[in-house]
Protein chains: 6
Amino acid sequence: MSGGKLSHFDAEGQAHMVDVSTKPQTPRIATAEGHVRMSPDTLAHVTAGTAKKGDVLGIARIAGIQGAKKTADLIPLCHPLPVTKVALNLTPDDTLPGVRITATVKTTGQTGVEMEALTAVSTAALTVYDMLKAVQKDMEIGGIRVTLKDGGKSGRFEA
Amino acid sequence: MSGGKLSHFDAEGQAHMVDVSTKPQTPRIATAEGHVRMSPDTLAHVTAGTAKKGDVLGIARIAGIQGAKKTADLIPLCHPLPVTKVALNLTPDDTLPGVRITATVKTTGQTGVEMEALTAVSTAALTVYDMLKAVQKDMEIGGIRVTLKDGGKSGRFEA
Amino acid sequence: MSGGKLSHFDAEGQAHMVDVSTKPQTPRIATAEGHVRMSPDTLAHVTAGTAKKGDVLGIARIAGIQGAKKTADLIPLCHPLPVTKVALNLTPDDTLPGVRITATVKTTGQTGVEMEALTAVSTAALTVYDMLKAVQKDMEIGGIRVTLKDGGKSGRFEA
Amino acid sequence: MSGGKLSHFDAEGQAHMVDVSTKPQTPRIATAEGHVRMSPDTLAHVTAGTAKKGDVLGIARIAGIQGAKKTADLIPLCHPLPVTKVALNLTPDDTLPGVRITATVKTTGQTGVEMEALTAVSTAALTVYDMLKAVQKDMEIGGIRVTLKDGGKSGRFEA
Amino acid sequence: MSGGKLSHFDAEGQAHMVDVSTKPQTPRIATAEGHVRMSPDTLAHVTAGTAKKGDVLGIARIAGIQGAKKTADLIPLCHPLPVTKVALNLTPDDTLPGVRITATVKTTGQTGVEMEALTAVSTAALTVYDMLKAVQKDMEIGGIRVTLKDGGKSGRFEA
Amino acid sequence: MSGGKLSHFDAEGQAHMVDVSTKPQTPRIATAEGHVRMSPDTLAHVTAGTAKKGDVLGIARIAGIQGAKKTADLIPLCHPLPVTKVALNLTPDDTLPGVRITATVKTTGQTGVEMEALTAVSTAALTVYDMLKAVQKDMEIGGIRVTLKDGGKSGRFEA
């Protein structure tokens, strides 16, 4: 086990919301990505819908934006943060096949927004599943990870 | 594209919350699974924590249970459902390496609970990520899928 | 002042959530309507958006559905109800000029869903305003009323 | 269609929460108004209640204040904002007849609070309807509009 | 340690939301009580307010009703329940001195509502504190307990 | 009645969320305490659980942290605040007998966090009750009070 430390626990191993009150307010950004894998048939419903009617991706995008705002309510030790930007991109990908999702979140605050970006992606992915489950039940949500985090003391992380 | 129909859209392609008011109230169950992949070093923090202090898995389990109760708030077209059971299992797995998560949700209602099970797994996975991100940023959440759904008109689904 | 009685207050005038525990569970439906009045120029943004991109009405429809689910959280003395259907219709109307909104909500429960229908319309109207306020600030939301309520002891109301 | 631009959509017409991270934090204020129209008989219940018991307006005022705090949860693309003041005024008006509602909201932030003021008025109006619906079902909520917005880059708006 | 069993933990000591899906839906009632102790001077503000203006108790009553509806959101392992009645009583008591609070909650469901009654009392007590803290900071909230629980398999409890 | 003033009411006695927009942003801290009194037998379940399995105190700690984040949603006239630290301590006490709870909350803002500290303690206490109610129904929650408040214009309060 490396020398790293789980900051969410104190010396006695009790969980707490980490004290960030002495950290400076700096501009923060994070991006995350993920996907919903499905059959080509199911994906055809998505692409048909986007073009004409039954806008699966548009609804999932809204759900992802709202999900980002609920992060501190969902993740017990997350700090509440006034996010200043949330944008999601949902793209059909025939080679997956399925839908690729990316999210970008910004704030000016005392702690990072990677959890907000991950929650946006997760909520959008769940919504894609929900809207398509009538035609396919064995879709799979995966590949959810942080691709960029910048703006705090710990420096830039890019994957 | 198969003959299946996206029930969340009406004939004009407008999204709606499907009318389930004439469906009978029946016992429903769903299970879902997923995982958080991490380095062996990070996983060592989890297993140390479970045994002694800094209970990552216990906190993620609580977050998952609460997440299941927020499903209709997160997923735009989900029906609100009074869930009657939520249980999560989080297990360290050296071969992943990482944490495997399963969730079981029950209700007696007019529609299924697979979205509640998936939301429980997703929220628990995000919480695992949050609690370990101080030691590793490139963990990945994946393999989120429904493994069982039973109790409604559409019959038993098992994967 | 008519002989009617404000059921939300007890004999001492203290507010309470009315006891509905002895009322039978019956199918309930309510519809409500409302509108957002705007300039023809602003409305042109809506109709352009619906046809091609920037889907104001689609996003407001989702907001209205989610708003219906938050009714008991917003209105202090409302009973929480598991709604079984929520549908909204948003239509550009050149004669207003503006957007007309209708909502239909169903449940099987011990009390009516007219507040859910009104809340759906109000939330959709606020969302329309939000999405168009960059081009016009003096839009007006109005005409919000119940058009149908049926299914309980008090009989059918239609307006 | 005027040259105005719907800021909630990007160049591809996809909805996003607008990036306000580079805007300065400035003091902001907005006021909004609206009304609930009802019969003189119903209004008599309100005025009787205010004077003696069954405080319809007091409860609607509280609901409006809480509604203002829920704005970013209700309106998909609204930024979460730490409001620094919310005040509502609810006045019986025999000439309407009905109840007139005004709301004032302040913040120090990167974006305006007109949606918070409109949401406060709407929530208060819905609560007035809820508390009086036992005696009148065909009340109407209307006249909801922004009357003042000041403090940001776009300058003062007054109606 | 008695032979009793903590039903919120499974055989491995892992927390779960207890499975109540096979329990019958029966009418349930619970009452709880509590108080806020304060100086006679502070209490005079309350009694003055109730009689004339600044209605501390009326606002705390509304907060308590809304708190009851948030119980499953606040208490991790609580089942969501559609409460069918919530009533609070707040009474100034010179002998305390302070405010006495009681709450009554009903549902027809598969599990009891004592947590809803306790949450109603707690939320009302916190609201009383909030509204009076400008004049006294060392008030104390106490005596919060269940006084009646009836309607389930475990029989009637009265204290 | 002292000369103090209930700041949550205006000159007409109408409740409002106090205007703090001209107050400076300063570092704030508050601590609160409380307890859950129970039989020695019930307390034995807690201490057994902490040591080995069935972690009552760990779950209550998480509930308290999340409760602190919900303060402005629960208490009608509280300002929403981005808390920067929340920590709870739950200690079995044989002399009570029962569980003693303390909470510490920090923010950098325009108003104090004593309501957040009190809400954290209350929510943790309710969760302790919930998890133990299967073995004892007549537990009592009490002694909830502010023990420290510092950082604002009104100066340091310590009890």
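Look at (1) modelled with pLDDT under 90; (2) more than 24 Å from the chain's Cα centre (by Cα) and you find that D:Ser7 fails only one, number (2).
For the residues F:Thr22, F:Thr47, the requirement of being more than 7 Å from chain E (Cβ to nearest Cβ) and part of a loop (DSSP other than H, G, I, E, B) singles out F:Thr22. State whether the residues of the range C:140-159 include one that is touching a residue at least 12 places away in the same chain (Cβ under 8 Å) and at positive phi. The answer is yes, given that some residue of the range C:140-159 is touching a residue at least 12 places away in the same chain (Cβ under 8 Å) and at positive phi.
Residue pairs whose Cβ atoms lie under 6 Å apart, separated by 6 or more positions or on different chains, with the first residue in the range C:74-92 and without any contact (Cβ under 8 Å) to a residue 24 or more places away in the chain and the second of a type in the set (S, T, N, Q) and in a loop (DSSP other than H, G, I, E, B), are C:Lys85/B:Ser21. Of everything listed in (1) touching a residue at least 24 places away in the same chain (Cβ under 8 Å); (2) in contact with a helix residue (DSSP H, G or I) (Cβ under 9 Å, 6 or more places away or on another chain); (3) not hydrophobic (A, V, I, L, M, F, W, C), the single unmet condition for A:Gly58 is (1). Would you be able to say whether some residue in the range C:28-43 is within 12 Å of chain D (Cβ to nearest Cβ), farther than 25 Å from A:Gly67 by Cβ, open to solvent by 40 Å² or more (accessible area, probe 1.4 Å) and touching a Lys or Arg at 6+ places or on another chain (Cβ under 8 Å)? For the range C:28-43, residues within 12 Å of chain D (Cβ to nearest Cβ), farther than 25 Å from A:Gly67 by Cβ, open to solvent by 40 Å² or more (accessible area, probe 1.4 Å) and touching a Lys or Arg at 6+ places or on another chain (Cβ under 8 Å): present. Every condition in (1) at negative phi; (2) at pLDDT below 95; (3) out of contact with any helix residue (DSSP H, G or I) (no Cβ under 6 Å at 6 or more places or on another chain); (4) of a type outside the set (Asp, Glu) holds for C:Leu43 except the one numbered (2).
Taken over the range D:50-60, the criterion of being within 11 Å of chain C (Cβ to nearest Cβ) and in contact with a Leu (Cβ under 7 Å, 6 or more places away or on another chain) is satisfied by D:Thr50, D:Gly54, D:Val56, D:Ala60. When each of F:Thr42, F:Thr71 is tested for being out of contact with any Pro (no Cβ under 7 Å at 6 or more places or on another chain), among the hydroxyl-bearing types (Ser, Thr, Tyr) and over 22 Å from E:Ala120 (Cα atoms), the lone residue that passes is F:Thr42.
Within the range F:109-132, the residues that satisfy the criterion of being buried (at least 24 other Cβ atoms within 10 Å of the Cβ) and assigned to a loop (DSSP other than H, G, I, E, B) are F:Gly112, F:Val113. Of B:Pro76, B:Pro97, all but one fail to be surrounded by 24 or more Cβ atoms within 10 Å (Cβ to Cβ) and at pLDDT 95 or above; the exception is B:Pro76. Of the set (1) without any contact (Cβ under 8 Å) to a residue 60 or more places away in the chain; (2) surrounded by 22 or more Cβ atoms within 10 Å (Cβ to Cβ); (3) closer than 19 Å to F:Phe157 by Cα, all apply to F:Lys69 but (3).
Inspection of the range C:113-135 finds no residue satisfying the criterion of being more than 15 Å from C:Leu57 (Cα to Cα) and out of contact with any Leu (no Cβ under 9 Å at 6 or more places or on another chain).
Could you list, in sequence order, all residues of the range C:140-159 that are hydrophobic (A, V, I, L, M, F, W, C) and more than 7 Å from every other protein chain (Cβ to nearest Cβ)? Within the range C:140-159, C:Leu148 is the sole residue that qualifies. Only one entry in D:Lys85, D:Lys106, D:Lys149, D:Lys137 is under 19 Å from C:His35 (Cα atoms), open to solvent by 10 Å² or more (accessible area, probe 1.4 Å) and at pLDDT 95 or above, namely D:Lys137.
Flag set for F:Thr95, criterion: more than 9 Å from every other protein chain (Cβ to nearest Cβ), β-branched (Val, Ile, Thr) and assigned to a loop (DSSP other than H, G, I, E, B). Annotation: B:Glu116 fulfils all but one of (1) more than 9 Å from chain A (Cβ to nearest Cβ); (2) closer than 25 Å to B:Val20 by Cα; (3) more than 8 Å from the chain's Cα centre (by Cα); the unmet one is (3). Every test in (1) buried (at least 24 other Cβ atoms within 10 Å of the Cβ); (2) assigned to a strand (DSSP E or B); (3) not aromatic (Phe, Trp, Tyr) is passed by C:Ile62 save one, and that test is (2).
Residues that are at the interface with chain E (Cβ under 10 Å from one of its Cβ atoms), in contact (Cβ under 8 Å) with a residue 60 or more places away in the chain and within 17 Å of F:Gly151 (Cβ to Cβ) occur in the range F:100-112; there is at least one.
The values are calculated or read from the model by the stated rules, or taken from the named source; none is laboratory data. The shown structure was predicted, so the numbers you read here are calculated from the model rather than taken from an experiment. For neighbour counting, all protein chains shown are included, and Cβ atoms are generated from backbone atoms with ideal geometry for every residue, glycine included. Surface accessibility is based on the protein's heavy atoms, side chains included, excluding ligands, DNA and RNA. Shrake-Rupley method; radii C 1.70, N 1.55, O 1.52, S 1.80 Å.
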